[in-house]
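S.K.: Supplied in structure tokens, the structure appears directly below.
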Amino acid sequence: KKIFMDIFKPKNKPINNNFHAGTLSFELSCLNEKIITNCGAINKKFGEGPEYLRFSAAHSTIILNNTNISELIKNKSYKRAPQNISLNSFEDDENLIWESSHDGYLKNFHKIIKRKLTISKKTNTILGKDEIISTKANSKKNNYSIRFHLMPDCNCLITNNKKSVLIKTKLNQSWIFKSSSASIIEDSIYIGGGKRVEQNQQIVIYGNIQNRKKIENWSLTKS
């Protein structure tokens with residue numbers, strides 16, 4: 001299996017003009033087949049892509065108050081972006097562990113976002129722990145969404161308790177997504193081959209935070 005996580009910090013205008021606001025998003029491939037993705041991007045030889053493909057909601061990450069983690073301003077680089085992005089990596093005989101965080105929501109919502117991925121070395125299992133941490137006491141309720149975009153050839157079925165999603169891939173791999181809170185399935189789009197718009201689906205966990213900390217646990221397991 002292969003897993004990619006976005007921990008890149010915007011640094012300069014030439015890079016930022018092509019950068020996406022998907023901090024701490026991840027993508028997963030297993031047995032030569034991609035499963036978790038982002039919405040993709042238009043190949044520049046086919047024209048300039050729409051800005052929404054660069055938005056945080058177009059990536060498999062944690063979004064607060066439906067606001068981009070980095071505010072993309074065309075021709076002006078980034079108006080707002082995380083100043084601190086961290087990744088600590090640990091491993092033992094059983095697991096590889098990534099602990100990451102960013103402060104992209106610190107100035108506007110007084111929140112730090114953390115994501116921990118525990119990647120099994122012996123099985124095709126990923127455990128996720130997403131945290132939203134308040135840095136100031138605030139009586140205002142903040143909404144969040146955690147998105148997992150699936151490849152277009154994946155079919156999914158949510159169970160009655162809405163805390164498990166059965167996923168079947170094009171090559172007949174079977175995966176189970178489980179979450180500590182209820183999730184839903186929403187339509188999305190994927191840009192195939194850098195030019196072709198395809199219909200896909202995404203698993204989304206919605207919730208709100210009013211206290212000092214909110215934790216959402218989830219897992220992806222090949223069955």
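S.K.: So if I check each of ASN65, ASN43, ASN17, which one is surrounded by fewer than 17 Cβ atoms within 10 Å (Cβ to Cβ) and modelled with pLDDT of 95 or more?
M.R.: Result of the check over ASN65, ASN43, ASN17: ASN65.
S.K.: Give the residues of segment 163-185 that are charged (D, E, K, R) and surrounded by 14 or more Cβ atoms within 10 Å (Cβ to Cβ), sorted by residue number.
M.R.: Listed by number, the residues that qualify are LYS163, LYS168, LYS178.
S.K.: Read through the list (1) farther than 19 Å from LEU117 by Cβ; (2) under 17 Å from the mean Cα position of the chain (by Cα); (3) of a type in the set (D, E, K, R); (4) surrounded by 16 or more Cβ atoms within 10 Å (Cβ to Cβ), then give the number of the only condition that GLU131 fails.
M.R.: The single condition GLU131 does not satisfy is (1).
S.K.: Continuing with the same structure: Being closer than 15 Å to SER60 by Cβ and in a strand (DSSP E or B) is the filter here; which residues of segment 130-174 pass it?
M.R.: Selection gives ASP130, TYR144, SER145, ILE146, ARG147, PHE148, HIS149, LEU150, CYS156, VAL165, ILE167.
S.K.: Now for a different question. Assuming LEU127 fulfils every condition listed in (1) in contact (Cβ under 8 Å) with a residue 40 or more places away in the chain; (2) outside any strand (DSSP E or B) apart from one, which condition is it?
M.R.: (2)
The values are calculated or read from the model by the stated rules, or taken from the named source; none is laboratory data. Just so it is clear, the model here is predicted, and its values are computed rather than measured. As a convention, Cβ positions derive from the backbone with ideal geometry for all residues, glycine included, and neighbour counts pool all protein chains shown.
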